[in-house]
Protein chains: 2
Amino acid sequence: MAVDRILTPDGPGPSARFTESGSAAEDRASVKAALAWLTARRDAHTFEVVQVPFAELQEWSFQADTGNLGHHSGRFFTVEGHRVHTDYGKVPRWDQPIINQPEIGMLGFLVKEIDGVLHCLMQAKMEPGNINVVQLSPTVQATRSNQKRVHRGSSVRYLEYFTDPGRADVLVDVLQSEQGSWFLGKRNRNIVVETAEDVQPHPDYRWMTIGDIQELLRLDNMVNMDARTVLSCVPFARPTGAPPPGPHGEFHAGLRRSMAPEEGSLHPTRSVLSWFTDTTARHELRTERLPLNRVEGWHRTADTISHAEGRHFSIIGARVTAGSREVLSWTQPLLAPHGVGLAALLVRNIGGVVHVLLHARPEGGFPHGIELAPSVQCTPDNYRGLPDDHRPRFLDYVTGVPRERVRFDAVQSEEGGRFHHAECRYTVIEVEEDFPVEEPEGYQWLTLHQVTGLLRHSHYLNVQARSLVACLHSLW
Amino acid sequence: MAVDRILTPDGPGPSARFTESGSAAEDRASVKAALAWLTARRDAHTFEVVQVPFAELQEWSFQADTGNLGHHSGRFFTVEGHRVHTDYGKVPRWDQPIINQPEIGMLGFLVKEIDGVLHCLMQAKMEPGNINVVQLSPTVQATRSNQKRVHRGSSVRYLEYFTDPGRADVLVDVLQSEQGSWFLGKRNRNIVVETAEDVQPHPDYRWMTIGDIQELLRLDNMVNMDARTVLSCVPFARPTGAPPPGPHGEFHAGLRRSMAPEEGSLHPTRSVLSWFTDTTARHELRTERLPLNRVEGWHRTADTISHAEGRHFSIIGARVTAGSREVLSWTQPLLAPHGVGLAALLVRNIGGVVHVLLHARPEGGFPHGIELAPSVQCTPDNYRGLPDDHRPRFLDYVTGVPRERVRFDAVQSEEGGRFHHAECRYTVIEVEEDFPVEEPEGYQWLTLHQVTGLLRHSHYLNVQARSLVACLHSLW
């Protein structure tokens, strides 16, 4: 930094260029080619994931005193016990296993201007828990252990663009949380850097426009969670030009207006922040770390740790053999959810501007207790046999909504490095004109512009809401 | 909220009115009257604070298994053990006692327009640890226990303006952390609400302009920490009119320019946020809760829990007898720091705009590990007998700076409800023209406008930095 550097006004930054890259999917051929490449990379590698008893996990074991499941090196993550006390919701106290991975990982997009348009260097990456095994992933997806080579495998490709000064400019850089029901205080650095250098090509990596990535996002299980969360943090500017042709012209126009601060919002941002503060302050959410062998209502066998009623998830052991990850073969625990999740975003045209309905939701693993979640976020199977009033608000509305109200619908995988076949249906529903604008307690309508502003900072939107923001951005 | 409510553009909000209230201290008589009132309130009440052995604490005791010091009701707070591992700084690991008070309290200013200018209803409040015993405090200063009357004392006066819908408009509302070296994840709601109602007067409360409060802030131990942190979150607009007369005209003009986004900054806000993310992600800060009886390097006697070398602080017992608090007499533990703290803010004119030098500082009790601290924050006594390279950066600069560079200098008390005589010297120093603009690692120059933007959100500025922001705002 030069001493005599001129003071910088806070301009719009790279927003317009991101939007241009997002609008650059006119060419269907490029999407088809990307899909073919992803399939070819899947075929080019061998991989096998089999469930094994805990006793066959190498270098992983249950600690004698606590029953916590950890790696001998003390690194990667541990499975521990967690007790949550809260006055929010129907259940005042519960115990559960939870993944404790306190280090901050990096999810990074390397971008570069090619023919005047920003392109992202996307990776065809195998992860053991993935449906489809290989999914479209950020350029770099590295835990701190990866970065320090605790795997004793190869170093992380392209990491130097994110760590070495002068190799790239930072366009996006923010810590965001991950699943608060499964991870204890986990957060990752979501980062986008732009380089002007010639970047060494590699067959597992491909330059794609954001528009191309967004097209793949509409397909099931193609774009991984890490890529989705980074995409959600990209501060798109309001697109210029005509919206895409199709039956939902007014919706698309309202979505574009929603990206523009000058169009106004139902609640000023000051009120949104105060509502978030109030909801956090008004409720109690107290958590305790427990030894895993003291967790009530869960049982451990030779093969799994499971909930007594078969709800929620199990912890299992897995043996992975692969040719495209850091090392060729390893074993590890995975968290295997029971049932497909549902993350639904209700959106509504209010005064010509599309608003999204977010829910201030407590999750035991969040460092602050509450983050903003989709309008509905649950695993419907968990509610079987429970009284009707335990069912989440708007769940029945979403499951019964007519097809023509659905603007986005795809099944996506959650983090395949820790979760086994964790699928979630992501859906965006435009509610009917007489749907109430008045929000129930704990819910609020926000514009996309407000959401983009919150996503400059940590711990406002949870990972499911961020995935839906990425999906919504694929629609303009 | 009406369904047909018009969409709101995100306007400047109440900033200009706050600035007007801050500029309204022309009348020295009003400051003198406020001081006289504060003295009178001090004289009107009886209070006595004496140190007692732990055995004389009523309803407080050490748990048999953990040695943690807690209240029989399970409420208020506990003194527990805390172990910190970090690669940031010179000490890779330490143990310490820490105050665990997980509930979110409220620090609230009730404001009202009187003769066209916003006035704050300030309280003359006794707290057991205060120097001067009675200090100027927010209208409401309530733990959740207070609000639920666990004290079995009177309810909190004026709380209804902050909790009952429709009584007041929210102008500021954000959760902020407190001392991360003494509190485990403590945070309070900093809130300012404006009412148009007639407010019932009470002799312990007084309507004051922000300018009057700022004048008292220049005196030692008059404005308590809770009032200072709320003041720091007030989003002042750039003042209009001429700066105050005096020898530092260019400084005052640069300070006013620093409040205006259009004047630019050394680093764009996007870079500031990325620097914050990078610093947080790059360092390790891992903490563990420990039983207090397993804390290494600290000793418990009948009267105190103290560090083996006499550094840092002690935990003591206190008996309080008072006529102006919720109940007349009680006992409680207090944390008694050893030595007066120092919180110094280096400020520098860069391109005509005053910038403040903030330090990304880890503290074991912060939920995110790092917050922005003053340029220097330490208790100088803690470094006696240690090698020179353990001394904090800029400490020697600050202690040796010539008097004419000091723009603010006052000793202030930290939270008197938990700390005993915790004094800290708050000082703002305008560095000389050849002071480097280049920042050492972990430091960055920000404008006041950028600081104000960060203070809309939680966990960016620590409580000492916020106190200094409040002090700095008393200078324009």
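The values are calculated or read from the model by the stated rules, or taken from the named source; none is laboratory data. Because the structure is predicted, anything quoted here is derived from the model rather than measured. So basically every Cβ, Gly included, is an ideal-geometry build from the backbone, and we count neighbours across all protein chains shown. Each accessible area value is taken on the protein alone, full model and side chains, heavy atoms only, with ligands, DNA and RNA left out. Shrake-Rupley method; radii C 1.70, N 1.55, O 1.52, S 1.80 Å.
Looking for something in contact with a strand residue (DSSP E or B) (Cβ under 6 Å, 6 or more places away or on another chain), crowded, with 21+ Cβ neighbours inside 10 Å and charged (D, E, K, R) - is there at least one such residue anywhere in region B:254-266? Looking through region B:254-266, at least one residue is in contact with a strand residue (DSSP E or B) (Cβ under 6 Å, 6 or more places away or on another chain), crowded, with 21+ Cβ neighbours inside 10 Å and charged (D, E, K, R).
Scan region A:155-165 and tell me whether some residue there is open to solvent by less than 20 Å² (accessible area, probe 1.4 Å), of a type outside the set (A, V, I, L, M, F, W, C) and either at pLDDT 95 or above or not in a strand (DSSP E or B) (or both). Looking for residues that are open to solvent by less than 20 Å² (accessible area, probe 1.4 Å), of a type outside the set (A, V, I, L, M, F, W, C) and either at pLDDT 95 or above or not in a strand (DSSP E or B) (or both), one finds at least one in region A:155-165, hence yes.
Of A:Ala242, A:Ala253, A:Ala227, all but one fail to be more than 22 Å from the chain's Cα centre (by Cα) and in a helix (DSSP H, G or I); the exception is A:Ala253. The number of residues in region B:304-325 being surrounded by fewer than 17 Cβ atoms within 10 Å (Cβ to Cβ) and under 30 Å from B:Ala44 (Cα atoms) comes to 2.
For region A:92-106, the count of residues that are surrounded by fewer than 20 Cβ atoms within 10 Å (Cβ to Cβ), modelled with pLDDT of 95 or more and not in a strand (DSSP E or B) is zero.
When the criteria are applied in full, B:Thr287 fails the requirement of being of a type outside the set (D, E, K, R) and touching a helix residue (DSSP H, G or I) at 6+ places or on another chain (Cβ under 6 Å). Residue count for region A:407-460 under the criterion of being in a strand (DSSP E or B), within 14 Å of chain B (Cβ to nearest Cβ) and either without any contact (Cβ under 8 Å) to a residue 24 or more places away in the chain or open to solvent by 10 Å² or more (accessible area, probe 1.4 Å) (or both): the result is 2. When region A:264-274 is filtered for residues that are part of a helix (DSSP H, G or I) and at the interface with chain B (Cβ under 7 Å from one of its Cβ atoms), the ones remaining, listed by number, are A:Thr269, A:Arg270, A:Leu273, A:Ser274.
When restricted to residues that are under 29 Å from A:Phe162 (Cβ atoms) and part of a loop (DSSP other than H, G, I, E, B), region A:73-91 contains 5. Considering only residues in region B:194-221 that are under 20 Å from the mean Cα position of the chain (by Cα) and open to solvent by 30 Å² or more (accessible area, probe 1.4 Å), the one that is farthest from B:Leu118 (Cα to Cα) turns out to be B:Asp220. Considering only residues in region B:461-476 that are of a type in the set (S, T, N, Q) and at pLDDT 95 or above, the one that is most open to solvent (accessible area, probe 1.4 Å) turns out to be B:Gln464. Kindly indicate whether any position in region B:20-28 is under 25 Å from the mean Cα position of the chain (by Cα), within 14 Å of chain A (Cβ to nearest Cβ) and either polar (S, T, N, Q) or open to solvent by 30 Å² or more (accessible area, probe 1.4 Å) (or both). Within region B:20-28, not a single residue is under 25 Å from the mean Cα position of the chain (by Cα), within 14 Å of chain A (Cβ to nearest Cβ) and either polar (S, T, N, Q) or open to solvent by 30 Å² or more (accessible area, probe 1.4 Å) (or both).
Is it true that B:Arg257 is modelled with pLDDT of 90 or more, within 14 Å of chain A (Cβ to nearest Cβ) and touching a helix residue (DSSP H, G or I) at 6+ places or on another chain (Cβ under 7 Å)? So that I can check it myself, show each step before the final result.
Details: modelled with pLDDT of 90 or more: yes; within 14 Å of chain A (Cβ to nearest Cβ): yes; touching a helix residue (DSSP H, G or I) at 6+ places or on another chain (Cβ under 7 Å): yes.
Judged against the criteria, B:Arg257 is a match.
From the list B:Thr301, B:Thr287, the one residue that fits, being of a type in the set (Val, Ile, Thr), more than 8 Å from chain A (Cβ to nearest Cβ), more than 25 Å from the chain's Cα centre (by Cα) and open to solvent by 20 Å² or more (accessible area, probe 1.4 Å), is B:Thr301.
For region B:52-65, check the following and say yes or no: at least one residue is assigned to a helix (DSSP H, G or I), open to solvent by 50 Å² or more (accessible area, probe 1.4 Å) and within 14 Å of another protein chain (Cβ to nearest Cβ). Break it down into steps so the answer makes sense when it comes.
Quick first cut of region B:52-65, residues assigned to a helix (DSSP H, G or I) only: B:54-56.
Now restrict to residues that are open to solvent by 50 Å² or more (accessible area, probe 1.4 Å): B:55-56.
Retained after the next criterion (residues that are within 14 Å of another protein chain (Cβ to nearest Cβ)): none.
No; the residues of region B:52-65 include none that is assigned to a helix (DSSP H, G or I), open to solvent by 50 Å² or more (accessible area, probe 1.4 Å) and within 14 Å of another protein chain (Cβ to nearest Cβ).
Residue by residue through region B:310-341, note down the ones that are outside any strand (DSSP E or B) and without any contact (Cβ under 8 Å) to a residue 12 or more places away in the chain. Talk me through it step by step, then tell me what you get.
Quick first cut of region B:310-341, residues outside any strand (DSSP E or B) only: B:310-312, B:323-328, B:338-340.
Answer for region B:310-341, where residues must be outside any strand (DSSP E or B) and without any contact (Cβ under 8 Å) to a residue 12 or more places away in the chain: just B:Leu328.
When the residues of region B:359-388 are filtered to those that are among the charged types (D, E, K, R) and out of contact with any Lys or Arg (no Cβ under 7 Å at 6 or more places or on another chain), the one that is surrounded by the most Cβ atoms within 10 Å (Cβ to Cβ) is B:Arg361.
Could you pull out the residue among B:Arg405, B:Arg391 that is modelled with pLDDT of 95 or more and at negative phi? Full working, then the answer.
Working: B:Arg391 fails: modelled with pLDDT of 95 or more.
Testing whether each residue is modelled with pLDDT of 95 or more and at negative phi leaves just B:Arg405.
Mind checking which residues of region A:118-139 are modelled with pLDDT of 95 or more and either of a type outside the set (S, T, N, Q) or surrounded by fewer than 23 Cβ atoms within 10 Å (Cβ to Cβ) (or both)? Selection gives A:Leu118, A:His119, A:Cys120, A:Leu121, A:Met122, A:Ala124, A:Leu136, A:Pro138.
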